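A.B. asks: Have a look at this one.
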Amino acid sequence: MIEGVKRAVALGAATAALAAGVAFSSVGVAEAAPQHTVAAAHGGKQKCHVVKGYWTKTWHKPTRDRHGRVHPGYWTKTWHKAHKVCHR
């Protein structure tokens, strides 16, 4: 009989922990989900468009290492991902 009570308590605790885990994970997923109601919140007055991805050249200045040796500056190409821009 005591083992039956222990089993019921353990099962109840496991069920409560599982329910709490599901509740917290669903809140995290809901917060991480993208919000698609931005235009609706502003009355639909926003003008939005998608800017395509593009490359830019970035200059890195000459630097000195810890031994005092000067390393020359150099150019790199930087990729900027496509993104949405909205104006009121």
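The values are calculated or read from the model by the stated rules, or taken from the named source; none is laboratory data. All figures in this text were calculated on a predicted structure; none of them were measured in a lab.
A.B. asks: Is it fair to say His36 is at pLDDT 75 or above and not in a strand (DSSP E or B)? Before the answer, list the steps.
C.D. replies: Numbers: at pLDDT 75 or above: no; not in a strand (DSSP E or B): yes.
Against the criterion (at pLDDT 75 or above and not in a strand (DSSP E or B)), His36 does not qualify.
A.B. asks: If you scan segment 61-88, which residues turn out to be farther than 30 Å from Lys47 by Cα and hydroxyl-bearing (Ser, Thr, Tyr)? Write out each step before concluding.
C.D. replies: So in segment 61-88, the residues farther than 30 Å from Lys47 by Cα come out as 61-77.
Hits for segment 61-88 are Thr63, Tyr74, Thr76.
A.B. asks: Answer yes if at least one residue in segment 47-69 is modelled with pLDDT under 65 and within 23 Å of the chain's Cα centre (by Cα), and no otherwise. Outline the logic, then answer.
C.D. replies: Residues of segment 47-69 modelled with pLDDT under 65: none.
Within segment 47-69, not a single residue is modelled with pLDDT under 65 and within 23 Å of the chain's Cα centre (by Cα).
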